[in-house]
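Accompanying notes for the structure given below.
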């Protein structure tokens, strides 16, 4: 269970207010991205957000541009999860690919208040709020592996290394040894 | 039960029969990136590979901040040029070609039946030519460069039937703004959008691109016009390779079918700060603005510039307004130049910028100050998009923007047509 404070916003929080376009090609360092997180929506956020905090928002969170920094800046600001009524398609992919947990649940969004402290148990799919314990559906297996690896780049790297190791073993070892190694 | 275009195309790429909701692993025909290639290269390098998997699939276009406006941008461009040389990437378009989406279509990468993924949300534009194209993130592009594989969910399809005759002074931009205004900014989230109906069939390719481009503002995964004779003749002498015409079956299963009749449509304006905050121009009349933008990947083709020039020819831009004109590509720029379109615009007092993204995303070339108002033909009006977070953006057709530029306030273009 990881505790965090709720930052609550409305519908259609777009990528321009999460990470302004003027920085998209000039800031490449993720730590610097975090400084500008939600700058045009809530200038207080980057100054006061603490590791473990949670963003709770309405429908279509992350609509607009494909800029992945919108997910990166929130992850680097220490946000443990974004809970929304729905997510824009590209943001949803980007969040998972950056290792940022996204939870889709109207019920949770409706019941938590701005500033309240909640605790999330990802393994059980439960959130402890002031009003009680609420459940959410875990992400499908096809994407949870990416999230667990910390994002698509580490996930792909591990996959490529595994493939390479497999190839080396296949080339260098006689067949019987290869079989043994894979048991 | 029949299949939709998206089910058929992704099924073909996956090598099996698929339906909406299935998850497929596919390999795209082309992978687009632009100035963000600098950041993608950084991610690609983390993967520890020396070479990209299929260099012939990469299409890299420098368009977002061109020419470089600062040392940082210049360094990004330098990094990209070096990578292009090292990786032997032949489909590289340096700063003199134009906006990536227009460049991809003009150079024949986007053809019917192709699967194109790009690190830009407006990659959806190529559905105007019958391709399946969709925006993805930077990490995904880096992973694609390495593995040539990506997972995609087969989308449900929202069919939009557009019927009726386009009235005088009404354009593709008004149609799509009307649809987004009525249906909302997330009406097509995760979905494919198919545009059909008589009015859609009568549209030029330039107009079809406007609709597909703006489908991103409905949250669409991809957009599609059935490729007809208009599309096929447009592709003559342009298509880079063979293509396959893929159509939805007559008995395909659509999630929703919407009907729009445009015969009585008025010019439409999107108010700040969301694209679905749309009202007819009659409710926007008289709103003052400081900067007008005519062009971008949404409305920067010859057809758009001609309409603006028809209105502005022999007139003067209002003294309290500045007008920026951005052709979508060098090819469109040249056409407008040869036809005297740019001459009329420059004489009226417009500033013509080089083809590129310009101030659309607030990076350079005309960012707006606190308290300022912009009226633009671009696709987004989010808070802070074109500069200050305390500025305001209205969206409209090139005709509405041109007519308004004369009066200095938002104006119904039909007064000038």
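None of the figures in this text is laboratory data; all of them are computed from the coordinates on show. Just so we're clear, the structure is a prediction, and the values are computed from it rather than from any experiment. So basically every Cβ, Gly included, is an ideal-geometry build from the backbone, and we count neighbours across all protein chains shown.
From the Cα trace of the protein assembly as shown, what convex hull volume per residue do you get, rounded to a whole Å³? Please list the in-between numbers first.
Numbers: hull volume 95.4 nm³, N = 600.
Taking only Cα atoms, the protein assembly as shown has a hull volume of 159 Å³ per residue.
What is the gain in length, in nm to one decimal, between residue B:337 and residue B:285 on full extension, counting 0.36 nm per residue of separation less the C-alpha to C-alpha distance? The partial results should precede the final answer.
Working: separation 52, 0.36 × 52 = 18.72 nm, distance 3.16 nm.
Working it through step by step, the gained length comes to 15.6 nm.
With each run of n ≥ 4 DSSP H residues scored as -39500 (n - 2.57), what mean residue ellipticity at 222 nm is computed for chain B after dividing by its residue count and rounding to the nearest 500 deg cm²/dmol? The partial results should precede the final answer.
Values: 14 runs with 128 residues, N = 417.
About -8500 deg cm²/dmol.
Roughly what percent of Cα-Cα pairs across segment B:268-415 reach past 21 Å? List each step's numbers first, then the result.
Numbers: 3728 of 10878 pairs.
Taking all Cα-Cα pairs of segment B:268-415, the fraction more than 21 Å apart is 34 percent.
Going 7 Å from the Cα of residue A:135 along its beta-carbon direction, which residues of segment A:84-122 have the amide nitrogen within less than 17 Å of the resulting point?
Answer for this model: A:104-109, A:120-122.
What is the calculated FRET efficiency for residue B:414 to residue B:23, with r their C-beta to C-beta distance and R₀ = 35 Å, to the nearest 0.05?
On the way: r = 48 Å, r/R0 = 1.38.
So the FRET efficiency works out to roughly 0.10.
What percent do you get for the relative contact order of segment B:23-259 when only Cα pairs under 8 Å and 6+ apart count?
Details: 461 pairs, mean separation 57.0, N = 237.
Reported relative contact order: 24 percent.
Roughly how crowded by other chains is peptide A:157-163, in terms of the mean Cβ count from those chains within 10 Å of each of its Cβ atoms?
3
Mind running the shape call on segment B:1-96? Use the C-alpha gyration tensor, a ≥ b ≥ c as the square roots of the eigenvalues: rounded below 1.5 for a/c, prolate if a/b tops b/c, oblate otherwise. Mind dumping the intermediate values first?
Working: a/c = 2.87, a/b = 2.18, b/c = 1.32.
Prolate shape, in that a/c is at least 1.5 and a/b is the bigger ratio.
Only bridges with both residues in chain A count here: give the DSSP antiparallel percent, nearest 5. Walk me through the numbers before you get to the answer.
Numbers: 11 of 24 bridges.
In chain A, approximately 45 percent of DSSP beta bridges are antiparallel ones.
Given segment B:268-415, what percent of its DSSP beta bridges are antiparallel, to the nearest 5? Can you show the working numbers first?
Working: 5 of 20 bridges.
Antiparallel bridges: around 25 percent, rounded to the nearest 5.
Taking 0.36 nm per intervening residue step and subtracting the Cα-Cα distance, what contour gain separates residue B:201 from residue B:228 on full extension? Display every interim value, and only then the final one.
On the way: separation 27, 0.36 × 27 = 9.72 nm, distance 0.81 nm.
Length gained, residue B:201 through residue B:228: 8.9 nm.
Can you give me the relative contact order of segment B:268-415 as a percent, contacts being Cα pairs under 8 Å and 6 or more apart? Write down the numbers at each step before the final one.
Numbers: 366 pairs, mean separation 50.6, N = 148.
Value for segment B:268-415: 34 percent.
Shape verdict for chain B, please, from the Cα gyration tensor: rounded (a/c under 1.5), prolate (a/b greater than b/c) or oblate.
Numbers: a/c = 1.77, a/b = 1.23, b/c = 1.44.
Cα axes put chain B in the oblate bin.
Averaging sequence separations of C-alpha pairs under 8 Å and six or more residues apart, then dividing by the length of chain A, give the relative contact order as a whole percent.
Numbers: 343 pairs, mean separation 38.0, N = 183.
Across chain A, relative contact order equals 21 percent.
Is segment B:143-246 rounded, prolate or oblate when judged by the Cα gyration tensor, a ≥ b ≥ c being the square roots of its eigenvalues, rounded requiring a/c under 1.5 and prolate requiring a/b larger than b/c?
Numbers: a/c = 2.20, a/b = 1.21, b/c = 1.82.
Verdict is oblate for segment B:143-246.
Find how much the distance from residue A:107 to residue A:35 grows on full extension, using 0.36 nm per residue of separation minus their present alpha carbon separation; answer in nm with one decimal.
Numbers: separation 72, 0.36 × 72 = 25.92 nm, distance 3.07 nm.
My answer for the length gained is 22.9 nm.
Arranged by the count of other C-beta atoms within 10 angstrom, fewest first, what order do B:357, A:63 take?
With the sparsest Cβ surroundings first, the list reads B:357, A:63.
Counting other C-beta atoms within 10 Å, which of B:335, B:211 has the fewest, and how do the rest follow? It would help to have the intermediate numbers written out before the result.
Working: B:335 18, B:211 26.
With the fewest neighbours first, B:335, B:211 line up as B:335, B:211.
Please compute the modelled spin-label separation between residue B:241 and residue B:148, points set 7 Å along Cα→Cβ, answer in nm with one decimal.
Distance between label points: 1.0 nm.
Connecting C-alpha atoms closer than 10 Å in a GNM of chain B, tell me which of B:365, B:75, B:102 has the biggest fluctuation.
The residue with the greatest mean-square fluctuation here is B:75.
Please arrange B:151, B:145, A:7 by how many other C-beta atoms lie within 10 Å of their C-beta, fewest to most.
Values: B:151 13, B:145 25, A:7 22.
Ascending Cβ contact count within 10 Å gives the list B:151, A:7, B:145.
Of all beta bridges DSSP finds with both residues in the protein assembly as shown, what is the antiparallel percent, to the nearest 5?
On the way: 21 of 77 bridges.
Taking every DSSP beta bridge with both residues in the protein assembly as shown, the antiparallel ones total about 25 percent.
Using the Kirkwood radius built from alpha carbon pairs, what does the Stokes-Einstein equation give as D for segment A:89-152 at 20 °C and 1.002 mPa s, in µm² per second?
Values: Rh = 12.7 Å.
It diffuses with D of about 169 µm²/s by this estimate.
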